[in-house]
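Peer 1: Below is one structure. I have some questions about it.
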Number of protein chains: 2
Amino acid sequence: MKFLRLIRITNLLIIILTMVGVADYLLIMHNYQKVNFNFLDYSLLVFSTVLIAAAGNMINDYFDIKADRVNKPDRLIVSKYIKKRWVIILHWTFNAIAFLIGVYLSYHYKTLVFAFVQLVSINMLWFYSIYFKKKLLLGNGMIGLLTTLVPLLSVWFFSVLNESQVTHSPFHENTWSHVMHYNFIYLLAICAGIQNFGREIVKDAEDIEGDKLIQVKSLAMKFGGRVSVLIALYFIQLSTILGVLFFWKNTEILNGYEIYFLGIASTLNGILLVIYLFNKKIKIRTVHLILKLTMFIGLCSLFSVFIR
Amino acid sequence: MKFLRLIRITNLLIIILTMVGVADYLLIMHNYQKVNFNFLDYSLLVFSTVLIAAAGNMINDYFDIKADRVNKPDRLIVSKYIKKRWVIILHWTFNAIAFLIGVYLSYHYKTLVFAFVQLVSINMLWFYSIYFKKKLLLGNGMIGLLTTLVPLLSVWFFSVLNESQVTHSPFHENTWSHVMHYNFIYLLAICAGIQNFGREIVKDAEDIEGDKLIQVKSLAMKFGGRVSVLIALYFIQLSTILGVLFFWKNTEILNGYEIYFLGIASTLNGILLVIYLFNKKIKIRTVHLILKLTMFIGLCSLFSVFIR
């Protein structure tokens, strides 16, 4: 159980849900097209991504022991329940397996993209833990970017299948010419990145005390908790603007229920900002929970294709 | 000066010479073909490779301080002339610049190969320093592999230029159909890998004393210096076999002087083995120097195209 908490199992389940959602969405949206979807290979891609995220979560706790003794002493796992040495060994083992899966997929589909993205993610999470998380906004930005990468990885899997140059592949110009459109997934990926970037800023505002010990320069440290949360809440409204622009330019997608889920999430974002502006007693913890909720609602939009 | 020794400047010059050699060889061998060779971009690729090698050499010394105090106390640089902290900072800076150059080249030539190979090399050198060099033969194998990678990287640069799908590119099937052949470079790359693998085993035989301190499990540690050098010398004869097979199957390449240089290098390898077998007084240091010489002679074969 301690181990499941160390790897942040809910976090990993969300990644699985996202990637399954993207696959379901693309397969149902484009069910008139021949995409040679291989369930096993896609599962390997999801598994490899989850391994990297798990390794990233572990190594992050490994370097956070000092701060976590103050921020969440009751939830400290590394050094208390699991030996530091084991965390390192598991971290590299998970990453090695994940990278090898990436290499296999790259070899199998004749594209470097899977091995490359997985290796970049492994490196990004490592540098996040040892350096970037202590730098103003850079660390938060990296987490936002990595969030965006999860749905993008799924898109790249489909685009490799779809745009293959092999004769009779869907996109081969002489035999078939339909190309999948991923615009909705792109929107979702960017919004997820924005939302998680904001959530990270809010999280930093919760962790001020312990972060002082390990010299983290967070936005909250610089401007205080309240101001930094306010900046984060203003920033996440960007998703709403992007969403409106997107549906205005891509009216053909309006035939699903996706828009309702994203609408609810955006509205909640807006209400949260207004409440935070006028109610000075609202806890940062509550803001954090609501931001998690809006992300989950946004994610649900991927499964709205089943409602039709 | 100390800094030049820390990054192993001769080692880096050899890398530059190799990559320049491959480019010269391919350009002169295929001078009837249109390859859109960009000197600046190729220089960037060479520079990026050199940066990674320099960073790898630095970090290797960083983790070797303890052993080097015994093996080469007079040549110790890290901690004595350059602060440990600076070595780490320079190491990551060099790698970051090298990776960004890889990303630029990948973006420019629309192929992931440069960013990917550079990132893999950075990771391999890091893992070599913290783990693999202490493992029996694995570390030596990794150095062999990285040696092979240097000429291969040049080949990939040319194959990206040559096999581009753009109309009027040399390989575009409707407009031009000549494809470069890189077989000779492949042979050279593999032989260089074999030779350096052998040289690493010989180097380990020189370093037994200090390696005991940092728990390195080298072949020399297991079987003694003399036996391990003998194994290495037997192993490098493989190059001769590969060379004979190659020129037998690729007689069209026999119009250059390449074969003479490789012939001299192979003969020297053979003589070295025979001398070592019968003269028990020969120093390991001498063997090491001769192996460096044969590698250099092999490298000269790339420039033999100018003799014709």
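The values are calculated or read from the model by the stated rules, or taken from the named source; none is laboratory data. Keep in mind that what you see is a predicted model, and the values were worked out from it rather than measured. Cβ sites come from the backbone with ideal geometry, for glycine too, and all protein chains shown count toward neighbours.
Peer 1: One residue is enough: does the stretch A:136-152 have a residue meeting the conditions within 12 Å of chain B (Cβ to nearest Cβ) and assigned to a helix (DSSP H, G or I)?
Peer 2: no
Peer 1: Which one is nearest to residue A:180 (Cα to Cα) among residues in the stretch A:256-293 that are buried (at least 17 other Cβ atoms within 10 Å of the Cβ) and polar (S, T, N, Q)?
Peer 2: Selected residue: A:266.
Peer 1: Another one. What number of residues within the stretch B:204-242 are in a helix (DSSP H, G or I) and in contact (Cβ under 8 Å) with a residue 60 or more places away in the chain?
Peer 2: 9
Peer 1: Residues of the stretch A:94-122 being among the aromatic types (Phe, Trp, Tyr) and either within 11 Å of chain B (Cβ to nearest Cβ) or within 24 Å of residue A:139 (Cα to Cα) (or both), which ones?
Peer 2: A:94, A:99, A:114, A:116
Peer 1: Just give me the residues in the stretch A:294-308 being in a helix (DSSP H, G or I) and either basic (Lys, Arg) or loosely packed, with under 14 Cβ neighbours inside 10 Å (or both), in sequence order.
Peer 2: A:296, A:306
Peer 1: Further question on the same structure: Kindly provide the set of residues from the stretch B:68-93 that are within 14 Å of chain A (Cβ to nearest Cβ) and of a type in the set (Ser, Thr, Tyr), ordered by number.
Peer 2: If the condition is that a residue be within 14 Å of chain A (Cβ to nearest Cβ) and of a type in the set (Ser, Thr, Tyr), then B:93 is the only one that fits.
Peer 1: Go through the stretch B:227-241 residue by residue and tally those that are surrounded by fewer than 17 Cβ atoms within 10 Å (Cβ to Cβ) and either over 26 Å from residue B:212 (Cα atoms) or at pLDDT below 90 (or both).
Peer 2: 3
Peer 1: Residues B:201, B:253: which one is crowded, with 20+ Cβ neighbours inside 10 Å, touching a helix residue (DSSP H, G or I) at 6+ places or on another chain (Cβ under 8 Å), touching a residue at least 24 places away in the same chain (Cβ under 8 Å) and closer than 27 Å to residue B:184 by Cβ?
Peer 2: From the options B:201, B:253, the qualifying one is B:201.
Peer 1: Against the definition (surrounded by 14 or more Cβ atoms within 10 Å (Cβ to Cβ), in contact (Cβ under 8 Å) with a residue 60 or more places away in the chain and either in a helix (DSSP H, G or I) or assigned by TED's automatic domain parsing to the domain that holds residue A:18 (or both)), how does residue A:41 come out, yes or no?
Peer 2: Against the criterion (surrounded by 14 or more Cβ atoms within 10 Å (Cβ to Cβ), in contact (Cβ under 8 Å) with a residue 60 or more places away in the chain and either in a helix (DSSP H, G or I) or assigned by TED's automatic domain parsing to the domain that holds residue A:18 (or both)), residue A:41 qualifies.
Peer 1: So, one more: Just to check your reading of the model, which residue among B:243, B:224, B:210 is of a type outside the set (Lys, Arg) and at positive phi?
Peer 2: Only one candidate qualifies: B:224.
Peer 1: If I ask for residues that are in a loop (DSSP other than H, G, I, E, B) and more than 15 Å from residue B:2 (Cα to Cα), which ones from the stretch B:56-74 would you list?
Peer 2: none
Peer 1: Those residues that are in a helix (DSSP H, G or I) and more than 25 Å from the chain's Cα centre (by Cα), I need them from the stretch B:75-88; list them, please.
Peer 2: Passing the criteria: B:84, B:85, B:86.
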